[in-house]
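Remarks on the structure that follows.
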Number of protein chains: 2
Amino acid sequence: MSKTADPADSAVSTVRAYIDEHRAAFLDDLAAWLRIPSVSAQPEHAHDVRRSAEWLAARLEETGFPTVEVWPTPGAPAVFAVWPSDDPHAPTVLVYGHHDVQPAARADGWDTDPFEPVVREGRLYARGAADDKGQVFFHTLGVRAHLALTGRTTPAVHLKLLVEGEEESGSPHFRDLIERHRDRLAADAVVVSDTGMWSKDTPTVCTGMRGLADCEIELYGPDQDIHSGSFGGAVPNPATAAARLVAALHDDHARVAVPGFYDGIVELTDRERALFAELPFDETEWLRTATSYATHGEAGHTTLERIWARPTAEVNGIGGGYQGPGGKTIIPSSAMLKLSFRLVAGQDPDHVEKAVRAWVADQLPDGIRHTITFGAATRPCLTPLDHPALRSVARAMGRAFEQEIRYTREGGSGPAADLQDVLDAPVLFLGISIPSDGWHAPNEKVELDLLLKGVEATAYLWGDLAEHWPDAH
Amino acid sequence: MSKTADPADSAVSTVRAYIDEHRAAFLDDLAAWLRIPSVSAQPEHAHDVRRSAEWLAARLEETGFPTVEVWPTPGAPAVFAVWPSDDPHAPTVLVYGHHDVQPAARADGWDTDPFEPVVREGRLYARGAADDKGQVFFHTLGVRAHLALTGRTTPAVHLKLLVEGEEESGSPHFRDLIERHRDRLAADAVVVSDTGMWSKDTPTVCTGMRGLADCEIELYGPDQDIHSGSFGGAVPNPATAAARLVAALHDDHARVAVPGFYDGIVELTDRERALFAELPFDETEWLRTATSYATHGEAGHTTLERIWARPTAEVNGIGGGYQGPGGKTIIPSSAMLKLSFRLVAGQDPDHVEKAVRAWVADQLPDGIRHTITFGAATRPCLTPLDHPALRSVARAMGRAFEQEIRYTREGGSGPAADLQDVLDAPVLFLGISIPSDGWHAPNEKVELDLLLKGVEATAYLWGDLAEHWPDAH
């Protein structure tokens, strides 16, 4: 399905020499960006998220993008850049990524400061190294390598970049932003660089992402913490109510038990199940990467199907009552839950939200009041396996990795589906991260050789896309 | 069952005049004690718990106790005092209370600093005002009023006091302490002043307390927080496991579902159920005191039976994953539960611990590891309704309150049963706190007029006990 690179390919030599020459400066620049703690979920880092946008904008100008703008939103700013091709008939490609990162603190289990990048054994460790600063940043050297390869002064495609600042907070203003700037963002295809590959040895192209709906539920019992001796056994306990909600989320087959949750989902085809099954999946190794001690999930599905193509409900946080040292014999006044739901093609986040709200209200006992707040949802996204632009991505990756590229999906979520909806353009995924990179976890890292393969793949991609675009003249 | 006071009773006039005269100094002293934040559960307050013991010891010396000692333990110290009667044949009574308090912070919902006592509308607000410093302290003025009433220079009973410093931490060293000092603590009866009454209008004597077993359970899933997109739906989530444990604690009839939990319990007699049912119980008012919006508990039992005479399982705290602002799409690495079990007569805490440990191990799914740690248990305690010393307490209370005294039980727990076991003495309860006092809650208070009724009741009690003691010469 993808073309294996010819070792004698002089283009490959040219690109690799160019990358070698600029590698040190590229990595120094990336490290400088990673030092900015652009945590969008934490209000105290709002200033850092803005600094991160400005830093990237300056770097894109240096790269050569003639138009670079920082776009404010009611939350964190996005960065937009355009580098038009000198061929007016060239297709337009919009690259998407994000410059905000997950929360991180040394105390969470990091071996080193999460915002002080260090290289150890060919790996660059820092929050955002893989998710997503590293994968945004390979496009800067990538487009320069493309020009070096082709001898062009402008890219072979009209190249646009949109790098948002709220992805890790569920992209609450992203849909509005892209609707407002729909004309300037117009593209024939979207390239999302916010996903990963199967492994170092099995490079892959992702064809879809799960969506995400999340909510916070506050449960209220007595107006204050009350004595569990005086009142215990005779009034409803909100921590118990929270726990019973979570326990009721799944049935005995680990299927989500919220009525209506599965409405409309697109089931896997036999071909997709076969493609998944062909991948060299080693469950022991996968568990090691997950740092988990067992698999557990929906009956009737493999682990790969569960993480890529089945919707889920997970508890991301639960809290209530006394969590300090020693004991405190109370019935707590309140408890809270953070739940998130991964969605697959065919599921509508609005429908899921309605179903969850109705289900929660129905589950709670008398005397437990509640509020439920949903974040902005991210829609699921799926690209057809036979799309010509997807084949260009697979060819460019194949040249960089010198092997056949296989297909995966991504269990995580991104605003790719919003871009697909608003811009009416197919979404392609180009990512070089691997599962052990530790997204959202302590000691996040990116493999330096893979990061440079990302640079290399983009160096080939723009020419391939321009050449093979269905409407190419 | 108790004698109503004669309004013309000159003893009553004498005692009340004495109390009026010393009331201001008594309250000033109590306020000084309440300012010491003797929170035994919080290591940073260890020094304050020691200060509290020393403060009380000094005050008991001023009161006239010829022997006052601070007894160290491996945790917080207790205070022991003796005032022998000049009648060598008098019975010996040991008064029990505690000088440590529950954790409290202004931010928990206190209207004023919990360790800066204030009087508003006849109520003294402070952590420990009712539980238990106020109720220990009424014995100081009480014994002086007893001497004033009788013209004696020593009490009519050999009076001992033991005021421990770890009750709010489950009295981990109390059993060992009283076993070591068994000879010096020897008594014919124990008077526990660490309970409450039905209400201001319905003074009561408590005949028993529930016991307490508590544990903390840590549940471990992946070795670190992992991305809920990459791994969600395919590995066990320890927060889900914690919630499912809590949900499984009770069956559909709100009975505790841990096998063996109810083994050996002494069921209520028809007379006890009738005495409970005769009390002027107003469920709406009780819910207001509980600040709860509904009742909820074991099927087939009234609310009073549930809180006084039925064992319970409650979640005091639950935590796991991300509880900060915004979202974090993780499967958490760990979760924890603090559970407590109230026990009734006939239940053995060791048996309950074994049952809970076996049940937890049996409930958890593959891939979730756990630890479970039990605190020191408190045994349940029950005094026969027809015990002569219990009748003395009811008479003394009846004179102070000028009405018939009724009988209750106490849902809370204290080390009374250990005293009963080790000293082989009946346990009586003398408390003036009422349900709205807010034990363990924000804005804990004591009603000043009830506090002084406590003083008055003890002024009558020692003479009545000496006179009516079964072995009195």
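The values are calculated or read from the model by the stated rules, or taken from the named source; none is laboratory data. These numbers were taken from a predicted model, which means no experiment stands behind them. Here Cβ is always computed from backbone atoms with ideal geometry, including for glycine, and neighbour counts include all displayed protein chains. Keep in mind that these areas ignore ligands, DNA and RNA; they rest on the heavy atoms of the full protein, side chains included. Shrake-Rupley method; radii C 1.70, N 1.55, O 1.52, S 1.80 Å.
Some notes on this structure:
- Output for region B:428-457, where each listed residue is among the hydroxyl-bearing types (Ser, Thr, Tyr) and surrounded by fewer than 24 Cβ atoms within 10 Å (Cβ to Cβ): B:Ser436
- Residues that are facing chain B (nearest Cβ under 7 Å), assigned to a strand (DSSP E or B) and hydroxyl-bearing (Ser, Thr, Tyr) occur in region A:306-326; there is at least one.
- Among the numbered conditions (1) open to solvent by less than 20 Å² (accessible area, probe 1.4 Å); (2) at pLDDT below 95; (3) closer than 30 Å to B:Leu212 by Cβ, the only one that A:Ile331 does not meet is (2).
- Taken over region B:110-150, the criterion of being under 28 Å from B:His89 (Cβ atoms), in contact with a helix residue (DSSP H, G or I) (Cβ under 7 Å, 6 or more places away or on another chain) and of a type in the set (A, V, I, L, M, F, W, C) is satisfied by B:Phe138, B:Leu141, B:Val143, B:Ala145, B:Ala148, B:Leu149.
- Count - residues of region A:435-455 that are under 17 Å from the mean Cα position of the chain (by Cα) and farther than 19 Å from A:Val191 by Cβ: 10
- Flag for A:Gly264 being part of a loop (DSSP other than H, G, I, E, B) and open to solvent by less than 40 Å² (accessible area, probe 1.4 Å): no
- Strands (runs of 3 or more DSSP E) contained in region B:57-103 and holding at least 2 residues open to solvent by 10 Å² or more (accessible area, probe 1.4 Å): B:67-71, B:78-83
- Qualifying residue in region A:27-35 (condition: within 21 Å of the chain's Cα centre (by Cα), part of a loop (DSSP other than H, G, I, E, B) and within 21 Å of A:Leu448 (Cα to Cα)): yes
- Within region A:327-349, the residues that satisfy the criterion of being part of a strand (DSSP E or B) and more than 8 Å from chain B (Cβ to nearest Cβ) are A:Ser334, A:Leu337, A:Leu339, A:Phe341, A:Leu343.
- For region A:117-146, a tally of residues being aliphatic (A, V, I, L, M) and without any contact (Cβ under 8 Å) to a residue 60 or more places away in the chain returns 1.
- B:Gly109 being open to solvent by less than 10 Å² (accessible area, probe 1.4 Å) and closer than 25 Å to A:Ser228 by Cα: no
- Filtered by the rule that a residue be within 13 Å of chain B (Cβ to nearest Cβ), closer than 15 Å to A:Gly431 by Cβ and modelled with pLDDT under 90, region A:377-410 gives A:Cys381, A:Glu410.
- Residue check for A:Arg51: basic (Lys, Arg), within 14 Å of another protein chain (Cβ to nearest Cβ) and without any contact (Cβ under 8 Å) to a residue 24 or more places away in the chain: no
- So B:Thr240, is it on the phi < 0 side of the Ramachandran plot, open to solvent by less than 10 Å² (accessible area, probe 1.4 Å) and within 14 Å of chain A (Cβ to nearest Cβ): no
- Residue check for A:Thr153: in a loop (DSSP other than H, G, I, E, B), more than 14 Å from chain B (Cβ to nearest Cβ), touching a helix residue (DSSP H, G or I) at 6+ places or on another chain (Cβ under 8 Å) and surrounded by fewer than 22 Cβ atoms within 10 Å (Cβ to Cβ): yes
- Within region B:114-154, the residues that satisfy the criterion of being acidic (Asp, Glu) and under 24 Å from A:Ser230 (Cβ atoms) are B:Glu121, B:Asp131, B:Asp132.
- Taken together, A:Asp214, A:Asp223 contain a single residue that is part of a strand (DSSP E or B), of a type outside the set (Val, Ile, Thr), in contact with a Ser or Thr (Cβ under 7 Å, 6 or more places away or on another chain) and within 7 Å of chain B (Cβ to nearest Cβ), which is A:Asp214.
- Unmet requirement for A:Asp418, which otherwise passes all of (1) within 29 Å of A:Val266 (Cα to Cα); (2) of a type in the set (D, E, K, R); (3) assigned to a helix (DSSP H, G or I); (4) open to solvent by 30 Å² or more (accessible area, probe 1.4 Å): (4)
- For region A:165-198, the set of residues classified as in contact with a helix residue (DSSP H, G or I) (Cβ under 9 Å, 6 or more places away or on another chain), under 18 Å from A:Trp83 (Cα atoms) and not small (Gly, Ala, Ser) consists of A:Arg182, A:Leu185, A:Asp188, A:Val190, A:Val191, A:Val192, listed by residue number.
- Qualifying residue in region A:445-466 (condition: hydroxyl-bearing (Ser, Thr, Tyr) and either under 22 Å from A:Asp176 (Cα atoms) or within 14 Å of chain B (Cβ to nearest Cβ) (or both)): no
- Residues of region A:334-355 that are in contact with a Phe, Trp or Tyr (Cβ under 7 Å, 6 or more places away or on another chain) and either closer than 23 Å to B:Asp252 by Cα or not aliphatic (A, V, I, L, M) (or both): A:Ser334, A:Lys338, A:Glu353.
- Take the conditions (1) surrounded by fewer than 18 Cβ atoms within 10 Å (Cβ to Cβ); (2) closer than 24 Å to A:Gly414 by Cβ; A:Ala126 misses just one of them, which is (1).
- Filter pass, A:Ala425 being open to solvent by less than 10 Å² (accessible area, probe 1.4 Å), in the same structural domain as A:His99 (by TED's automatic domain parsing) and under 22 Å from the mean Cα position of the chain (by Cα): yes
- Options A:Gly326, A:Gly346, A:Gly321, A:Gly300; residue that is crowded, with 21+ Cβ neighbours inside 10 Å and on the phi > 0 side of the Ramachandran plot: A:Gly321
- Among residues of region B:368-402, those that are within 30 Å of B:Ile331 (Cβ to Cβ) and buried (at least 23 other Cβ atoms within 10 Å of the Cβ), counted: 1
- A:Ala358 being farther than 20 Å from A:Leu304 by Cα and either in contact with a helix residue (DSSP H, G or I) (Cβ under 6 Å, 6 or more places away or on another chain) or outside the structural domain of A:Ala335 (by TED's automatic domain parsing) (or both): no
- Residues within region A:278-305 that are outside any loop (DSSP other than H, G, I, E, B) and at the interface with chain B (Cβ under 8 Å from one of its Cβ atoms), tallied: 3
- Screening the candidates B:Ala247, B:Ala257 for the property of being within 14 Å of chain A (Cβ to nearest Cβ), aliphatic (A, V, I, L, M), within 15 Å of A:Ala241 (Cα to Cα) and open to solvent by less than 70 Å² (accessible area, probe 1.4 Å) yields one hit, B:Ala247.
- In region B:321-329 there is at least one residue matching the filter, namely being charged (D, E, K, R) and over 30 Å from B:Ala416 (Cα atoms).
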